[in-house]
Amino acid sequence: MILRSIRLHNVRRFTDPVIVRGIEPGLNVLAAPNEKGKSTILDALHAMFFRDRKSFDKRIKSLVPHAGGTPKVIAEIERDGTVFRLEKSWGRGSGKSVKVFVGDRLHRQADDAEEWIRGVMKPPERGGPAGLLWVRQGQVGFDLGDKRSKEGAHLARRNMLTSSIESEVDAMTGGRKMEVAQARCDEELGRYVTATRREKKGGPLTACRLQVDEIAARVQGLKQKSIQLKEELTDRKRKRRILDDLRDPDGEAERRRRLEEAEKAYAAAHRHAQQLENARTLEDSKRLEAERAKDRCDTLLRDVLERGQAMDEYQRAKKAAAEVAQDVDRYNEALVHQDTLWKEAIKAAERARTALELSRRRDNMVTVEARRAELVSRLEQALVARRELETARAEERTEVPPEEVERLGAMVAHIRSLQRDRDREATAITMNYVPGQEGAVRMGTRDLEHGMRIAIPEGTLLDIAGIGRLRIHADQRVDDASLRAARNKLQSRLQSLGHNSIEDARASLGRRQAAGERRRDAEVKLRGVAPDGIDRLRAHLAELPEEDEMVLGALLMPDARLLDAKARRDLEVAVEAKEHARRHASEAERRLERLAATQDSAEARLRRVRVVLQGIEEPDVEVARREATHARLLKELKVREKMRYALEEAAPDMSDVRSRLERARSVIARADEEKARLREVLAKLDTSIELQDGNAVEEELADAQEQLVAAEIRLKEILHEVAVLVRLKKALTKAQKAARDRYVDPVKKELLPLLRMMWPGGQISWDAEEILPDTFERAGTTEKFSVLSGGTQEQIAILVRLAFARMLARRGTPAPAILDDAIVYTDDDRIEAMFDVLTRQAKDLQIIVLTCRQKAFRELGGKALRIEPAS
């Protein structure tokens, strides 16, 4: 296929029809400034061949102008010597159409035309050549774009090579037989395992393994049942022997005899304990009678003694009260006299105080003036301090607060964390020097340290001593959107605070803190000179009295202070004398009150004792009688104590007797319980044994073991089959790889002369699986293709594409090679060599170069194309 012209209408910026005409079979160059629509032409041509008219996906939507309309593309192509005109438009309703003309005659239309166009050039996802030869702007390298585009490009390369050496491949690998064998091998393996060689869920291998596990579990369960049956038979035999022992008549009679003996011993011990308790009760009763008799005797003796003491106390208190009453009268008379003297001293002191007041008022006027001067000075200092305080507060309000600086610091820390994460993902360099060459490589103003990894997310320029400069370009795949967003957020916050950097914000915080110090100093100063406030200070100043002319003119009496001092001393003497008299009178009255209380208490004791002793004419005789009764009761108590002691000596140990009785009873109860329990256990064992005998556990176990052996053999067979298939797969893959090594020979032959034009002596090794350059050797140095500079990768990629285009042409199915701004990283020397390569390949190919570098591409030559309005 040879492209002759392309016409666009309502395609992006081309709302009016434009055309690129006169496209020739060889080299064609369309050089125009940016934004003139070169990439639009390639996208429109791509839509013509690879987008159905009914499609309206995002690629077709991107062709619609901003003003709207129906995109339409018309292309003239030459195929097998015949010129065809292809017309296709996309839109709604009748706006979508496709037609193919030969001259003015309609050749195809609608779906028939779509099928014809697909036959001209297969889509890239089906391996067509345009997926490899039509290079979009910014996508010179291999396998760029989405996953579908990568797969299409890979399929295009494979189809081109396999079709070109199909006979050789058939001879070497059996042609399609290899693919059929691999497919059959994959199919068989797919029944058992996944692509990662794990057991496939629901597959025969998993089912067989589950069957083996299930039968093994059943065998284990049956073994447990068999063991349980044997244990139950042994247990039943042992329990029957125990039950027979418990049912023995001699043993039961012996247990009954021991119980009767224990019960008799317990009854005798209980009777003896009752006798001992009665003896203790009689003893306690007799002891209580003796104690009551002793108490009655002691009480009578205390009452007789207290009667004599109360009589003596009453007589003494009565006599002392009469004496104290006389002292009270004498002290009261002295108190009345001292009160008269005290009142006269008060009047004399008031007269002296009045005389002294006039002299003090004159002295106070001098103090008031000094106070006035002090208040005026403090008021002035307070006003100055308040102005300083207001100024410092205003400065504090205008500067950045501490919490904002902390927030900014957290944002900076977050940015540094994001930057470290980006640097870990970004391109990095590590310089390892040979001994003696340390510091030979510099980055900017510093030497690269030995063995240190340095991230270069934005690329860098290295100065290599004695060699030159090496520029490392940034890896555009590193996503630093989060870092940019964090930096923008920080800058926005700084601008809202009125600062350009966090250092300015911290400096503002320092000014704020300094203003705070000045504010606190001003507050301290203000509190010192005006603790209650300036208004209160002014109020104190206004409260000071004015000058009293009458007081200033009065003469101070020469003896006013002496007279006042004498009057004060006389008053103090009178007050002290009055207080002395009052204290003596009060003390005498309190003594009189205490003696009266003592007299009343003694009289009350005397009345109480007389009531108690009422009816007892001779207390001494009554005391003797009560003492005799107490002695008799003590003798009777000793007799009771001897009787109780004798019973305690003969008493049996009640705990021992009770323990023997309880043990005898528990032996019989335990024997009965054990017999009942054994009967119940034996019944359950009999039932369980009968059930297991009926289920034929041993026969079922033997059958399950046979099934397990068969299942394990089947599992081994499947595992052996999987191992054989895996080994076969490896052998087929190895054989196919050996065949693929010959795939790249055709493209090597086409590429070698082009490569030597750019790099004399250069060699390229290939990845036979991906059919892409793997390593590049030049000047005795071999490098991986992925680590080459962007310019070198770009140049090799174009050469490889041109080699593939030459292969298509030799096969008889030529396709145009279109390069949209492809040579962007090539220096001036290499671009000349690239122009020679393009000129050489254009002898057998149609090459269309779209570029914005008008001046540089003048030297390329070829047919000059331009975009012009369509008539």
Hey, could you check the range 63-94 for residues that are among the acidic types (D, E) and part of a strand (DSSP E or B) and say which is nearest to F50 (Cα to Cα)?
-> E87
Looking at this structure, is E603 in a helix (DSSP H, G or I), open to solvent by 80 Å² or more (accessible area, probe 1.4 Å), under 30 Å from V304 (Cβ atoms) and in contact (Cβ under 8 Å) with a residue 24 or more places away in the chain?
-> no
D532 versus (1) at pLDDT 80 or above; (2) part of a helix (DSSP H, G or I): which is the lone unmet condition?
-> (2)
In the range 73-102, which residues are touching a Gly at 6+ places or on another chain (Cβ under 9 Å) and among the basic types (K, R)?
-> R85
Mind listing whichever residues of the range 1-22 are surrounded by 20 or more Cβ atoms within 10 Å (Cβ to Cβ) and among the charged types (D, E, K, R)?
-> R7
Go through (1) part of a helix (DSSP H, G or I); (2) touching a residue at least 24 places away in the same chain (Cβ under 8 Å) one by one and return the number of the condition R59 breaks.
-> (2)
Inspect the range 36-51 for any residue being aliphatic (A, V, I, L, M) and in a strand (DSSP E or B) and give the result as yes or no.
-> no
Evaluate the range 483-493: report whether one residue or more is polar (S, T, N, Q), at pLDDT below 85 and open to solvent by 40 Å² or more (accessible area, probe 1.4 Å).
-> no
One residue from E662, E699 being within 26 Å of Q224 (Cα to Cα), free of Cβ contacts under 8 Å to residues at least 40 places away in the same chain and open to solvent by 100 Å² or more (accessible area, probe 1.4 Å) | E699
Identify all residues within the range 778-828 that are open to solvent by 60 Å² or more (accessible area, probe 1.4 Å), of a type in the set (A, V, I, L, M) and either touching a residue at least 24 places away in the same chain (Cβ under 8 Å) or in a helix (DSSP H, G or I) (or both); write none if there are none.
-> V787, V824
Would you say E283 is among the acidic types (D, E), in contact with an Asp or Glu (Cβ under 9 Å, 6 or more places away or on another chain) and surrounded by 12 or more Cβ atoms within 10 Å (Cβ to Cβ)?
-> yes
Considering every residue within the range 231-248, establish whether at least one is in contact with a helix residue (DSSP H, G or I) (Cβ under 9 Å, 6 or more places away or on another chain), open to solvent by 100 Å² or more (accessible area, probe 1.4 Å), touching a residue at least 60 places away in the same chain (Cβ under 8 Å) and not in a helix (DSSP H, G or I).
-> yes
Give the residue that is farthest from the chain's Cα centre (by Cα), with candidates limited to residues of the range 839-855 that are under 18 Å from E35 (Cα atoms) and not in a strand (DSSP E or B).
-> K855
Among D80, D16, D52, which is the only one that is under 53 Å from the mean Cα position of the chain (by Cα) and acidic (D, E)?
-> D52
Only unsatisfied item for G68, checking (1) under 60 Å from the mean Cα position of the chain (by Cα); (2) closer than 28 Å to Q854 by Cα; (3) open to solvent by 20 Å² or more (accessible area, probe 1.4 Å); (4) among the small types (G, A, S), is (2)
Would you check if E35 is at pLDDT 85 or above, open to solvent by 40 Å² or more (accessible area, probe 1.4 Å) and not hydrophobic (A, V, I, L, M, F, W, C)?
-> no
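Results for (1) in contact with a Phe, Trp or Tyr (Cβ under 7 Å, 6 or more places away or on another chain); (2) closer than 23 Å to T40 by Cβ, shown as yes or no for each residue.
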site	(1), (2)
T792	no, no
A797	yes, no
L802	no, no
R810	no, no
A817	no, yes
I831	no, no
Identify all residues within the range 180-193 that are within 14 Å of A723 (Cα to Cα) and open to solvent by less than 50 Å² (accessible area, probe 1.4 Å); write none if there are none.
-> C185, E188, L189, G190, Y192, V193
Could you look through the range 584-600, keep only residues that are polar (S, T, N, Q) and modelled with pLDDT of 75 or more, and pick out the one that is surrounded by the most Cβ atoms within 10 Å (Cβ to Cβ)?
-> T598
For L222, indicate whether it is farther than 17 Å from A702 by Cα and surrounded by 12 or more Cβ atoms within 10 Å (Cβ to Cβ).
-> no
When only residues in the range 711-733 that are modelled with pLDDT under 85, of a type in the set (A, V, I, L, M, F, W, C) and within 21 Å of I215 (Cα to Cα) count, which is most open to solvent (accessible area, probe 1.4 Å)?
-> L719
Determine if the range 506-524 includes at least one residue that is over 30 Å from Q381 (Cα atoms) and either of a type in the set (A, V, I, L, M, F, W, C) or in contact (Cβ under 8 Å) with a residue 12 or more places away in the chain (or both).
-> yes
When both residues are 6+ apart or on different chains and their Cβ atoms are under 9 Å apart, which pairs have a first residue that lies in the range 94-120 and is open to solvent by less than 30 Å² (accessible area, probe 1.4 Å), and a second that is aromatic (F, W, Y) and assigned to a helix (DSSP H, G or I)?
-> V100/W116; I117/F49; I117/F50; V120/F49
Among residues belonging to the range 444-463 that are within 26 Å of S482 (Cβ to Cβ) and either in contact with a Phe, Trp or Tyr (Cβ under 6 Å, 6 or more places away or on another chain) or surrounded by 12 or more Cβ atoms within 10 Å (Cβ to Cβ) (or both), point out the one that is modelled with the highest pLDDT.
-> T460
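Here's the yes/no breakdown for (1) touching a Cys at 6+ places or on another chain (Cβ under 6 Å); (2) among the hydrophobic types (A, V, I, L, M, F, W, C); (3) within 30 Å of T792 (Cα to Cα):
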position	(1), (2), (3)
M411	no, yes, no
R422	no, no, yes
A426	no, yes, yes
I429	no, yes, yes
T460	no, no, yes
H473	no, no, yes
R512	no, no, no
All but one of (1) over 18 Å from A797 (Cβ atoms); (2) surrounded by fewer than 21 Cβ atoms within 10 Å (Cβ to Cβ); (3) not small (G, A, S) hold for T851; which doesn't?
-> (1)
Can G68 be described as at positive phi, out of contact with any Phe, Trp or Tyr (no Cβ under 6 Å at 6 or more places or on another chain), free of Cβ contacts under 8 Å to residues at least 60 places away in the same chain and not charged (D, E, K, R)?
-> yes
Criterion: at pLDDT below 75, among the charged types (D, E, K, R), exposed (fewer than 13 other Cβ atoms within 10 Å of the Cβ) and part of a helix (DSSP H, G or I) - qualifying residue of D295, D327, D312, D363 | D363
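The values are calculated or read from the model by the stated rules, or taken from the named source; none is laboratory data. These numbers were taken from a predicted model, which means no experiment stands behind them. Don't worry about glycine lacking a Cβ; one is built from the backbone with ideal geometry, like all the others, and counts go over all protein chains shown. These accessible areas exclude ligands, DNA and RNA; they are computed on the full protein's heavy atoms, side chains included. Shrake-Rupley method; radii C 1.70, N 1.55, O 1.52, S 1.80 Å.
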